[in-house]
1. Put +1 on the Cβ of each Lys and Arg and -1 on the Cβ of each Asp and Glu in the chain; which of Ala86, Ser155, Thr118 then has its Cα farthest toward the positive end of the dipole?
2. I need two numbers for segment 1-77: Rg to one decimal and Dmax as a whole number, Cα atoms only, in Å.
3. Let me know the whole percent of all Cα-Cα pairs from segment 34-142 that are separated by more than 20 Å.
4. For Ile67, what accessible area in Å² do you get when you roll a 1.4 Å probe over the heavy atoms of the protein chains, rounding to the nearest 10?
5. Calculate one ³J(HN,Hα) per residue across segment 106-111 by plugging θ = phi - 60° into the Karplus curve 6.51 cos²θ - 1.76 cosθ + 1.60, and present them in order as whole Hz with x for glycine and proline.
6. Report relative contact order for the chain in percent, whole number only (criteria: Cα-Cα under 8 Å, sequence separation at least 6).
7. Work out the length of the dipole vector of the chain about its Cα centre, built from +1 on the beta-carbon of each Lys and Arg and -1 on the beta-carbon of each Asp and Glu, and round it to the nearest 20 debye.
8. Once R0 is set to 25 Å, what does the formula 1/(1 + (r/R0)^6) return for the Cβ-Cβ distance between Thr18 and Val73, expressed as a FRET efficiency to the nearest 0.05?
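The values are calculated or read from the model by the stated rules, or taken from the named source; none is laboratory data. Predicted model, so just to flag it, every value in this text is computed and none were measured. Cβ placement follows ideal geometry from the backbone for every residue including glycine, while neighbour counts extend to all protein chains displayed. Accessible surface is based on the protein model in full, side chains and every heavy atom, while ligands, DNA and RNA are left aside. Shrake-Rupley method; radii C 1.70, N 1.55, O 1.52, S 1.80 Å.
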Amino acid sequence: QVQYLYDTSVPAAYSDSTLEDTLSALGYVERSKPSKVNLYASTFSDKDAIGDCIERYNDALPEDDQITYTDYVALLMSSVTTIINAISYVLIAFVSISLVVSSIMIGIITYISVLERTREIGVRRAIGAKPFDIISQIMSESLLLTSLAGLIGLSVGVFLLDVVNNAMASDGDVSNDTFFSNPEIHIGTAVAATVILLFSGLLAGLIPAWRAMQIKAIDAIREE
């Protein structure tokens, strides 16, 4: 019965492929007709030059004759850039939270300083100090605290950056002509961070300065 079903129901099967088709299916490639070519560039500029050359070659040919290429370095760097951007956003969030907390702490410290010097402020007001003088003193102290904190943070950042660069240099020659270059601190970034820091210091000193300005001389002198 199996033989009968096979003879009657199974049609004759045969292959119409040629020897060349079979060899191609098995992955055989002639040297004169390569299926792919691997190019390894030593620098980013060389890689871009190779990509531009292929693009110019494809522009002059129909779609069927164009070269299809994959830039593995670009794919890798795109993935690395995405990861670095994600890490940067997380770090920016942490830094923003730290900046807000630091501003609040500076404001609290300045406010406590104002409360502890209530009699001093009252004496100064009694001998002719103007509210602007009191405000200038409190704001100056707040700016001084934030400036010292920023200077310490910038110094630590420069020190750690120098340590990282020395560690990278000890592992091999790392120059701008290779895929990776030494990290560095940009002047614009440092200036922007300083401006933001000083602005946060001004905001932190507003409430203590306003509290000091509202102190009356007679009430402050009577303060125990």
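1. Farthest towards the positive pole: Thr118.
2. Rg, Dmax (Cα atoms, Å): 22.7, 72.
3. The share of Cα pairs beyond 20 Å in segment 34-142 comes to 69 percent.
4. 80 Å²
5. 5, x, 5, 4, 5, 5
6. Numbers: 127 pairs, mean separation 70.4, N = 224.
With pairs under 8 Å counted, the relative contact order is 31 percent.
7. On the way: 13 positive and 26 negative charges, 448 e Å.
Computed about the Cα centre, the dipole is about 2160 debye.
8. 0.05
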